[in-house]
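Asker: Attaching a single structure in structure tokens format; questions to follow.
The values are calculated or read from the model by the stated rules, or taken from the named source; none is laboratory data. Only a predicted model underlies this, so the values are computations on that prediction, with no experimental measurement involved. FYI the Cβ positions are ideal-geometry reconstructions off the backbone, even for glycines, and counts take in every protein chain you see. The area values use the complete protein model at the heavy-atom level, side chains included, leaving out ligands, DNA and RNA. Shrake-Rupley method; radii C 1.70, N 1.55, O 1.52, S 1.80 Å.
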Amino acid sequence: KKIIANNPTKKKCYDFLFLTSRSFAAVIAELDDELRDAVCLFYLILRGLDTIEDDMTLPLPRKTELLRSFHKIIYQRGWNFDENGPNEKDRVLLVDYQVVIDEFLALKPAFQTVIADIAHKMGDGMADYANGEHRVNTAIEKISDFDLYCHYVAGLVGYGLSDLFAVSGLESAEVANSKKISNSMGQFLQKTNIIRDYLEDLVDGRQFWPREIWANYVEDFADLSKPGFEVKAQACLSAMVLNVLEHVPDCLVYLSQLRNQSVFNFCAIPQVMAIATLALVFNNLEVYRRNVKIRKGEAVRLILASTNMGNVVAIFRYYLYDISGKNDPLDPNFMKISIAIGKIEQWI
Ligand SMILES: COc1cccc([C@H]2O[C@H](CC(=O)N[C@@H](CC(=O)O)C(=O)O)C(=O)N(CC(C)(C)C)c3ccc(Cl)cc32)c1OC
């Protein structure tokens, strides 16, 4: 759908969207009229927060101040930000952020309220995390810290989108009321990315895998990628995949509640890509050596197929079967993984 942005600032926002999110921007652009602009702006405001959180060159007090006040900044016409480090890939967005703010302020007030509320909660969560108030700082200790971090950066996005869907009238309020399954939509995507991005994050000095899981297999987190640790590394990878599989039932319930076709496509495509990625990384030691990604051809086939619940269930069943086939009887988590998959299979 060609975006007919009848004014330059709105066109600029869609240019930012396509600049910052590649393939996902096209899915947002396909949303029905009542929802498209609100989700576009929500995405760009989340991107603004992300750019600040990710910028390691920002002094911590300045970063914290920006994160905690971002929900107010989005109401300040003319605000721009040029303190990002030179290599911050999305810095162009913040340098000209006034156009995002102008378009945010052109949204229905009900949309603004949803977006500002999520920005407030997420900014505080990111700031706490950055300050190590959860004692996590850059290393996540307990599985509960892992779930909390993923709630802040991804679960809250699920909350916000469910509320936007309800406010737009395209989906029922019931979708917005079930916070647990909205949270799971984010947990599933974020945790799958955290497994896939092991090496990229390690190189950047960031560790998101919870110590409560990896400490059962290695002394030091970086050992997972060292020669001689293959058996331990594979067992640790299985334990991480097991943790992510727990969110699958909630995600399928969430998708089954959607009634609007454009909303269904928007929600189903990332979930289908995630289950395919999860199957790809399962028992695949390449994860510790390079950034594994599903092939373009497979991604295109998945996108085209993710238009109805029957197809989505069939796709999940296919990848769960693929994981079962790779499940190693010698793996300490073999039985737990079989049971987790069995639970999902009997249920779908
Ligand atoms: C009900 O909840 C959702 C329904 C549909 C989509 C998403 C979710 O999907 C993309 C999908 C996306 O952005 N894919 C990338 C590929 C990649 O990141 O690997 C892309 O295709 O470029 C994604 O990954 N995140 C980022 C978070 C997971 C942190 C929320 C995200 C960021 C902002 C928004 Cl508005 C939405 C999403 C949902 O969020 C949970």
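Asker: Restricting to segment 329-345, name every residue that is touching a residue at least 12 places away in the same chain (Cβ under 8 Å) and open to solvent by less than 50 Å² (accessible area, probe 1.4 Å).
Answerer: Scanning segment 329-345 gives Asp331, Asn333, Ile337, Ser338, Ala340, Ile341, Ile344.
Asker: Do you know which residues across segment 189-221 are in contact (Cβ under 8 Å) with a residue 12 or more places away in the chain and over 24 Å from the mean Cα position of the chain (by Cα)?
Answerer: Asn216, Tyr217, Val218
Asker: For segment 76-99, indicate whether the set of residues that are within 16 Å of the ligand (Cβ to nearest atom), open to solvent by less than 40 Å² (accessible area, probe 1.4 Å) and modelled with pLDDT of 95 or more is non-empty. Walk me through how you get there before you give the answer.
Answerer: Taking segment 76-99 as the starting set, the residues that turn out to be within 16 Å of the ligand (Cβ to nearest atom) are 89-90, 93.
Still in the running and open to solvent by less than 40 Å² (accessible area, probe 1.4 Å): 90, 93.
If we keep only those that are modelled with pLDDT of 95 or more too, we end up with none.
So far as segment 76-99 goes, no, none of its residues is within 16 Å of the ligand (Cβ to nearest atom), open to solvent by less than 40 Å² (accessible area, probe 1.4 Å) and modelled with pLDDT of 95 or more.
Asker: Further, regarding this structure: Just one of (1) open to solvent by 40 Å² or more (accessible area, probe 1.4 Å); (2) of a type outside the set (Phe, Trp, Tyr); (3) under 25 Å from Leu252 (Cβ atoms) trips up Leu156, so point out which.
Answerer: Just one mismatch for Leu156, condition (1).
Asker: Take Ile315 and decide whether it is open to solvent by 10 Å² or more (accessible area, probe 1.4 Å) and either assigned to a helix (DSSP H, G or I) or closer than 28 Å to Val175 by Cα (or both).
Answerer: Judged against the criteria, Ile315 is a match.
Asker: Working only within segment 1-25, note down all residues that are at pLDDT 90 or above and near the ligand (Cβ under 9 Å from one of its atoms).
Answerer: Of everything in segment 1-25, those that are at pLDDT 90 or above and near the ligand (Cβ under 9 Å from one of its atoms) turn out to be Phe24, Ala25.
Asker: What pairs come up if the first residue lies in segment 267-289 and is in contact (Cβ under 8 Å) with a residue 40 or more places away in the chain and within 11 Å of the ligand (Cβ to nearest atom), the second is part of a helix (DSSP H, G or I) and of a type in the set (S, T, N, Q), and their beta carbons are under 6 Å apart, counting only those six or more places apart or on different chains?
Answerer: Within 6 Å, the pairs are Ala274/Thr192; Thr277/Thr192.
Asker: Which residues, counting only those in segment 31-53, are open to solvent by 10 Å² or more (accessible area, probe 1.4 Å) and within 12 Å of the ligand (Cβ to nearest atom)?
Answerer: Result: Arg36, Tyr43, Leu46, Arg47, Asp50, Glu53.
Residue by residue, here is whether (1) open to solvent by 10 Å² or more (accessible area, probe 1.4 Å); (2) assigned to a loop (DSSP other than H, G, I, E, B) holds:
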residue: Leu202; (1), (2): yes, no
residue: Trp209; (1), (2): no, yes
residue: Pro227; (1), (2): yes, yes
residue: Ser238; (1), (2): no, no
residue: Val244; (1), (2): no, no
residue: Pro249; (1), (2): yes, no
residue: Ile269; (1), (2): yes, no
residue: Ile275; (1), (2): no, no
